[in-house]
Amino acid sequence: MNANKKYGFATKQIHAGNKPDPTGALCTPIYQTSTFRFSSVEQGGARFAGQEEGYIYSRLGNPSLTTLEDKVAALENGEACLATASGMGAISSAIWSSVVAGDNIVASDTLYGCTYALLNHGVTKFNVQVDFIDMADLDALKKAIKPNTKVVYLETPCNPTLKIVDIAEVAKIAHAANPEIKVIVDNTFCSPYIQRPLDLGADVVVHSATKYLNGHGDVIAGFIIGKADFIATCRMFGLKDMTGAVMSPFNAFLILRGLKTLDIRMERHTKNAMALANFLHDHPAVKKVYYPGLPDFEGHEIAKKQMDLFGGMMAIELNADRDTTAKCINTLELCTIAVSLGDAETLVEHPASMTHSTYSAEELAMAGIAEGLVRISVGLEDADDIIADFKQALDRLL
Ligand SMILES: *Cc1c(COP(=O)(O)O)cnc(C)c1O
């Protein structure tokens, strides 16, 4: 690549961050090594002191990961990126790098279940106080920010209700209150092909790369993207000392492979999701479809403003109780009952029993997660086949 040229997303997902290899290898090799040889004690000392560039030990950096990190930073329009062993590794490393005892975090009340657990039961054990608010309510955000607030944390679309939060407005409010506040956005549901929070004013993006970025259901991984100094803190403290959540070189190789087709996959996920959403919207067994692409969905206008596509994630609420909902899901023949998302296969799960079982009944109600709510990660199969499968399962409820 020519460093002076601006390239499009598809070109960057294939070429950005790639380093010339001495053997001429087209693909970045898997540097399956834990440690790196120093030519002398002096050189080792210089690397530890940060006076000389170079690798030391793979928890601090590895060439397979460097290529991937530079690529993901380019895709999110960020200065730097840190690869992690999981999405939770990214989120926890970023949080530990941002707060100390006595600080406050303002977080969205609808979040991935384990993120909610980390904030609700984890960091609070260390005297970090967390306020959960409806992040779509900007007045509630203004009221919640305190002098000791260090982080505003959100997802959009939220997991699992697809609630849309206006990233630019949240960033504006947080930074007006205190420019030091870090607005952290979990961009897992969108991927940078659809939404780039840093361009909208957020400070940090976190990802579960387990999902769309890898896209093939065979890796657990994560990323943190942001300013170079913050990513350096995440690398040399959050990850190195606090979580140790380092990505393996083999997983870096698989994600580099998956990323080559990110744009094509996101286009197809969205096309299939739109077709399925339109079908489900008109099915009498379905009470509500939660999909940002539907004009009657709350948040559709904000979604149009900040997302380039509406994505492959949706949820539906059935006119049914918990047991009937479970029975209906069990009759799907093609779609797979599984958590996770962003894979080639259409995956269907029941948040109240699975991903959001860390929420109490009251917390579920507060976050708007009904017993009849079904989350769907629309896959890359033929849309007609996905629709036919839902039709035969839902028709049994009539
Ligand atoms: C899956 C997920 C996570 C957690 O990622 P892991 O890779 O499973 O650790 C975090 N946030 C969102 C929105 C997710 O969907």
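General remarks:
- Magnitude of the charge dipole, the chain, Cβ model with Lys/Arg +1 and Asp/Glu -1, debye to 20: 1000
- P(r), alpha carbons of the stretch 172-251 - 5 Å bins starting at zero, rounded %: 3, 14, 21, 22, 20, 13, 5, 2, 0
- Taking the inverse of the mean reciprocal distance over all distinct Cα pairs, the Kirkwood hydrodynamic radius of the stretch 276-372 comes to 14.6 Å.
- Most mobile of 103, 343, 384 in a GNM of the chain (Cα contacts under 10 Å): 384
- Probe 1.4 Å, accessible area per residue of the chain, Å²: 42
- Rounded percent of accessible protein surface that carbon and sulfur make up, the chain, 1.4 Å probe: 55
- For the chain, the longest principal axis of the C-alpha atoms and the axis of helix 87-96 are separated by about 60°.
- With all pairs of different C-alpha atoms in the average, the Kirkwood value for the hydrodynamic radius of the stretch 116-187 is 12.7 Å.
- Note that the stretch 196-242 shows a convex hull volume over its alpha carbon atoms of 75 Å³ per residue.
- Highest average packing first - 66-78, 272-284, Cβ atoms within 10 Å: 66-78, 272-284
- Nearest 10 degrees, 0 to 90: helix 383-395 Cα axis against the chain principal axis: 50
- Ordering 112, 171, 354 by Cα displacement along the dipole of the chain toward the positive end leaves 171 in first place; charges were set at the Cβ atoms of Lys, Arg (+1) and Asp, Glu (-1).
- Compared with the direct C-alpha span, the chain from residue 19 to residue 218 gains 69.1 nm at full extension, assuming 0.36 nm per residue.
- 12 Å reach of a label modelled at residue 305, 7 Å along Cα-to-Cβ, counting backbone N of the stretch 132-147: 138
- Residue 56/residue 382 FRET efficiency (R0 51 Å; Cβ-Cβ; nearest 0.05): 0.55
- GluC sites (Glu not before Pro) restricted to DSSP loop in the stretch 2-67 with at most 10 other C-beta within 10 Å: 53
- Kirkwood hydrodynamic radius (C-alpha pairs) into Stokes-Einstein, the stretch 1-130, 25 °C and 0.890 mPa s, D in µm²/s: 137
- Ranking by accessible area, most exposed first, for 37, 47, 59, 396 with a 1.4 Å probe: 37, 396, 59, 47
- Taking the C-alpha atoms only, the angle from helix 63-75 to the longest principal axis of the chain is near 50 degrees.
- Cross-link partners of residue 260 among lysines, defined as those whose alpha carbon lies under 30 angstrom from its own and excluding same-chain residues fewer than eight positions apart: 5, 6, 12, 19, 71, 163, 211, 227, 240, 271, 304, 305.
- Share antiparallel - DSSP beta bridges, the chain, percent rounded to 5: 55
- Overall dimensions of the chain by Cα: Rg and Dmax, Å: 21.4, 76
- Span from the the stretch 347-362 Cα centroid across to the the stretch 32-107 one, whole angstrom: 33
- For the stretch 119-262, a Kirkwood hydrodynamic radius built from all Cα pairs, placed in the Stokes-Einstein relation at 20 °C and 1.002 mPa s, yields a translational diffusion coefficient of 130 µm²/s.
The values are calculated or read from the model by the stated rules, or taken from the named source; none is laboratory data. Bear in mind the structure is a predicted one, so any value in this text is a computation, not a measurement. Methodologically, a virtual Cβ is constructed for each residue, glycine included, from the backbone with ideal geometry; neighbour enumeration extends over all protein chains shown. For the accessible areas, the whole protein counts, side chains as well, though only heavy atoms, and no ligand, DNA or RNA atoms are used. Shrake-Rupley method; radii C 1.70, N 1.55, O 1.52, S 1.80 Å.
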